[in-house]
Structure formats: C-alpha cells, structure tokens
Amino acid sequence: MIKNLAALENGTVTVSGWVDTVRDQKKVQFVVLRDESGAVQLVNPRTTDADGVVVADEPASTISALSQGSFVTVTGELKHDERVKLGGIEIKLASMELVTVAIPETPIAADSSLDKRMDWRFLDLRQPKQNLIFRIQTTFEHALRTYWVEHDFVELHTPKLMASASESRAELFEVEYFETKAYLAQSPQFFKQMAQSAGFGKVFEVGPAFRADPSFTSRHATEFTSVDAEISWIDSHEDVMQLHEELLVAGFAAVKAKHGDEVLALFGVEVTVPSQPFPRIPLAEAKEIVKNRGYEVPRDDDDMDPEGERQIAAYVAETYGHEFVFLTDYAASIRPFYHMRPEGDASVTNSYDLIFNGTEISTGAQREHRIDVLVEQAREKGLDPEELGGYLDFFRYGVPTHGGFGMGLARVLMLMLHQTSIREVTFLFRGPSRLEP
Ligand code: AMO
C-alpha cells in the first residue's frame, strides 16, 4: 500500500496503483500514482543518446502513452527527500507494468453533478475523500459492535421478506411471492420485540430497511441501513436513551481516534465525541423554545418539522454546547401503536427522536408490553388485530418490559462529516429514480 512507503528505508520497492497525473517532460517524466491509502510521486529521468536526443526506451514509452486511471505496477528506488511536496518521498522508476488501461476520457470530473457522479459511482469512490467515508463507517460500526458484544447483546439477522407491514402502511414495498404477496421489511421492529419475548434480553441488528418513500429529500432513501437495538427490563425510555448515548460516544470516540486527523484534513471537520448526558427536551417544550426564537412549527403538525429541528439544534448548541438532543414525549397521534404511553396521559408516548446537528437520526421508545393495552392502541390506529396476529402472540405468553431504537446509519455519517445528502455517504444509493448501479 502506498501509505506504508513512508515508513520504509531507501531501497528497491514494488507498488501498484492508479495513474493520477502524468507530466511528460523532455528530460524527465513524473507520474503521481494513487491507491486507496494515498499517493506517491514516480520519477523517470529520460535516457538520451550521444547526440543528446531522447531515446524511446522503457518505461519512458509506456509512461508517455499512459491515460489517467490506468492501473500499473512499478518497481524502483524509493528515496526520502524533504523537497518532494507529496509526502517527502519519491520512487525513481526501473520498470512499469501496465496492468489495465483506462479509457482516456473520464465520464466524471470534480465539478460533475451528484447524480452524474452516482451514475459512475465506482470512479467517484476512487477519491480519497469518498474512500475515507467508508473506512469511517467501518470503524463506527465496529465500535458499536464491540460495545454490544462487551455488554452481552445478541446479534440478530431478521427476515426482510414479511407477510405484513412493520411500520406505516403508506411506505410499503409489495413484492410478488409465489402465489401470494410479501412486503419488504421497513424495520426489524417486530422481530427485535419478539426476541425480548424469546428471552434474548438485549439484541442488535445492522441491516437493510426498505421504505417506499417517493420523496427526493437529502435524508431519505428507499433502502437504507438501519442500526437497531432492543433491551429488556427497562423502567422507561430513559434507559434506552442512556444506551443510545453510550453507543454513540463509543462510535464517535473510535472515529476520532482513528480518523480524526484525516477527517479534519479532507473534510475540514473536527469530530467531537459527545459528552454525556445528551440534553433531553420534551417535544412540547422544544416547540415553545423554537417559537420564542421566531419560528413556529405548523399548528396542525404534532411532529417537529425539519426547520424546527434545525432551530432546536441551534438552541441546544448555544445553550449546552452540544450537537445532540433527545426530543422526548412525542404525541401518541403521530407515534406507532406499539409505543408505550405514560400512566395517566394517553396523549403522549414514552418515546424520543434523537436530533444530531439539526436532523433526526433516530427514533426510540419504550414499548407497550401489556397485550390488552396494545390491542386497544392498535385498534385506535385503525389496525385490525387479526392482521397483526403473530406479532400480538409475542405478548400473550409473558414478556418483559422493553424498549429500543432504530437509527439511520447514513444520516449519522452525513451529519458527522457535514455532508449535504445521504447520497454522499451511501455506498450505492437507492431512491425513487435510482436502481443502478
Ligand atoms: P423510524 O421510522 O423513525 O423508526 O426510523 C428510524 C430511523 O431510520 C432512519 N430512516 C431513514 N433513513 C433513510 N431513508 C429513509 N427513508 C428513512 N426512514 C427512516 C432515520 C430514522 O430516525 N421501528 C422504529 C425504530 C424503533 O422505535 O426502534 C423506526 O423504524 O434515521
């Protein structure tokens, strides 16, 4: 790997990579070679004959014909030289093998539209900045997984083909399934709750979720990676929020430790490990705060709209110096039937949304575990308990109190790296008009 060269002593090395730029001068040729780890300068002083005329020898001829993006393997003498701007090292070429030739006309450039870049995602991803995103994602996920394993969680792989909806019926993908219909899972919600009834105690899943959401916003995809956790024996959603915080602290600390310098260099962003506890504000209070700042969430909206989220985040940043805020106690009218409602107030739920840098990244809640209340809440939402058949059975044979959350992985990365769209941080984005590549 190119990044390992800097640690080697002067001597013969062999390295492979993509041709980034070629400066084919009369007396000397320079090539910048790149791989996923970095870039290095190759130099090839040209041979001249007795009359001082340049000789068309190797690797000079191969270099002269190189197109950007071609993949080569080179051997040469590594030399440390502080004067070389690119990393203070240079390789004086002895030989070059052209492994694969790239078509000279690259279909995308630095100023291409996001859509065009997505058409040519594999080329787009060759940029070190793009590459870093997915190494950060790996580190983040690994840190979460380490936390889960150390805290005795069980990993689930729940089915993505389902017989019924798992969230709102409105955003459901229906697929033909032999003689019948199936639906793509919108969330592992029912199965992670089933695991509580099965006695697993604490579970997690990182997997695909599907939403037939026709919107073209910067934060919606029709397929996304959902990070889910569910735990038993909780007293309230407060326990879920504490778990959520600890996971994010672990994830952000790992990213900062491993990639903090690169993120600052390539994205100009300082990764901040959030302090605990994250601020918590009941939704009704948050709306008042936002109103006092001059923005009124539409009256008929029980939810917080995107501008409201930005406003409350600005308030939290100013007041608490925090990038995260839990908005709690959402109205029952906009929450699913399975959210528990506090004793004596059926109008709200033991639930929260987690806002990071002004955008929702997560929804969590304590679940209703009492079958009679659950059935009643389902009916109230216009759901036929018959349709929920198997799900309701989880609650008929003894189930602990429990709760959990679902978090969009791409949203976390987008906001962590101050990107404007989840398309930038999704390996292969899926939206209403994108099924390829
Ligand atoms: P919810 O529907 O709020 O809750 O989804 C949880 C989180 O998933 C992400 N998300 C999306 N990301 C990209 N594109 C989408 N179309 C999309 N939809 C949702 C968001 C969101 O906050 N079962 C509950 C979670 C739970 O209570 O455990 C659920 O799915 O980051």
- Quick one: grab the alpha carbon gyration tensor of region 112-199, order the square roots of its eigenvalues as a ≥ b ≥ c, and give me rounded if a/c is under 1.5, else prolate or oblate depending on whether a/b is larger than b/c. oblate
- Item | In range of the label at residue 392: residues from region 346-386 whose backbone nitrogen is under 13 Å from the point 7 Å along Cα→Cβ | 371-386
- Message: What is the sum of charges, Lys and Arg at +1 and Asp and Glu at -1, for the other residues whose Cβ falls under 11 Å from the Cβ of residue 285?
- Response: +1
- How far apart, in nm, are two points set 7 Å out from the Cα along the Cα-to-Cβ line at residue 56 and at residue 314? 6.5 nm
- Note on the structure: Listed by chain and number, the aspartates and glutamates with an alpha carbon less than 16 angstrom from that of residue 26, same-chain partners under 8 positions apart left out, are 49, 51, 57, 58
- Under 19 Å Cα-Cα from residue 116, which lysines qualify once same-chain neighbours fewer than 8 residues away are excluded? 129
- Message: Please report the carbon-and-sulfur percent of the accessible area for region 108-223; probe 1.4 Å, protein heavy atoms only, DNA, RNA and ligands left out.
- Response: 56 percent
- Message: Probe radius 1.4 Å, ligands and nucleic acids left out: which of 335, 299 has the largest accessible area, and how do the rest follow?
- Response: 299, 335
- Förster-model FRET efficiency, 35 Å R0, residue 47 and residue 436, C-beta, rounded to 0.05: 0.15
- Item | Long-range amide H partners of residue 431 with built H, under 5 Å | 222
- Message: Using only Cα atoms and rounding to the nearest 10 degrees, what angle (0 to 90) does helix 306-320 make with the longest principal axis of the chain?
- Response: 80 degrees
- Evaluate 2.2 N^0.38 Å with N set to the residue count of region 137-249, then give the Cα radius of gyration divided by it. 1.17
- Item | Label-reachable residues, region 8-36, where backbone N falls under 17 Å from a point 7 Å from residue 83's Cα toward its Cβ | 27-31
- Classify region 185-338 as rounded, prolate or oblate, taking a ≥ b ≥ c as the square roots of the eigenvalues of its Cα gyration tensor: rounded when a/c is under 1.5, otherwise prolate if a/b is larger than b/c and oblate if not. rounded
- Task: Compute the separation of the alpha-carbon centres of region 161-189 and region 367-421 and state it in Å as a whole number.
- Result: 15 Å
- Relative to the compact-globule estimate 2.2 N^0.38 Å (N residues), the Cα gyration radius of the chain stands at a ratio of 1.23
- Please label the shape of region 323-437 as rounded, prolate or oblate, based on the square roots a ≥ b ≥ c of the eigenvalues of the alpha-carbon gyration tensor (a/c under 1.5 means rounded; beyond that, a/b larger than b/c means prolate, else oblate). prolate
- Note on the structure: Distance in nm between residue 170 and residue 97 label points, each 7 Å along Cα→Cβ, equals 5.9 nm
- With the charge dipole of the chain built from beta-carbon charges (+1 for Lys and Arg, -1 for Asp and Glu) about the Cα centre, the Cα from 294, 75, 391 projecting farthest to the positive end belongs to 75
- Provide 256, 160, 92 ordered by accessible surface of protein heavy atoms (probe 1.4 Å), highest first. 92, 256, 160
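The values are calculated or read from the model by the stated rules, or taken from the named source; none is laboratory data. Quantities reported herein were computed from a predicted structural model and do not represent experimental measurements. Every residue, glycine as well, gets a Cβ built from its backbone with ideal geometry; the counts of neighbours run over all protein chains shown. Remember, those area values only see protein heavy atoms, side chains included, never the ligands or the DNA or RNA. Shrake-Rupley method; radii C 1.70, N 1.55, O 1.52, S 1.80 Å.
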